[in-house]
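Below is one structure, written out as structure tokens; the observations come after it.
The values are calculated or read from the model by the stated rules, or taken from the named source; none is laboratory data. It should be emphasised that the depicted structure is a prediction, and the values quoted were computed from it without experimental measurement. Note: ideal-geometry Cβ built from the backbone for every residue, glycine included; neighbour counts use all protein chains shown. These accessible areas exclude ligands, DNA and RNA; they are computed on the full protein's heavy atoms, side chains included. Shrake-Rupley method; radii C 1.70, N 1.55, O 1.52, S 1.80 Å.
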Amino acid sequence: RELALRFGGEPPDRVLTVEASGIAPAVLVGYLLGLPVVFAKKKSPSTMENALSARVRSFTKGGDYDVCLSRVLFINDFLANGNAALGMLELVGQAGASLAGMGFLIEKAFQPGGAMLRERGIRVESLARIESLDGGRIVFAR
């Protein structure tokens, strides 16, 4: 709900995410904003011809994926190094679309993704920003 409120003034016409863990928050944001939700697949199905694609490195899974895709709002679960976000930026550019912004449930602020996106002038909204996980303690950024 909070991400829908933060981006409610933006004029996106759809919500974009990457399968699979980003789908649930993206669907909820799309529902609340009354927008369709699309997700980029990590593998191109044999039935998909002439698909747009970008190569993405998954921090969580430790592997590389080719993801497949107006004005979009990118919603995802985590922001760490920003690889998925960069892949989505590439797809948005290939599609000739524009980006309303990027929203994340959790941003690992001790990793470079958030700073890199903000330096590019991208609006980034994170519900929780974690400053550190050192010593088994979660320290939230202020």
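As a test of understanding, state the convex hull volume per residue of segment 99-142 from its alpha carbons, in Å³. Spell out each step's value before the answer.
Working: hull volume 2.9 nm³, N = 44.
Considering the Cα atoms of segment 99-142, their hull volume per residue is 65 Å³.
Could you report segment 92-133's accessible area per residue, 1.4 Å probe, as an integer in Å²? Can you show the working numbers first?
Numbers: 1940 Å² over 42 residues.
Per residue, segment 92-133 has an accessible area of 46 Å².
Measure off 7 Å from each Cα along the Cα-to-Cβ vector at ARG118 and PHE140, then give the distance between these two points in nanometres to one decimal.
Calculated label separation equals 1.7 nm.
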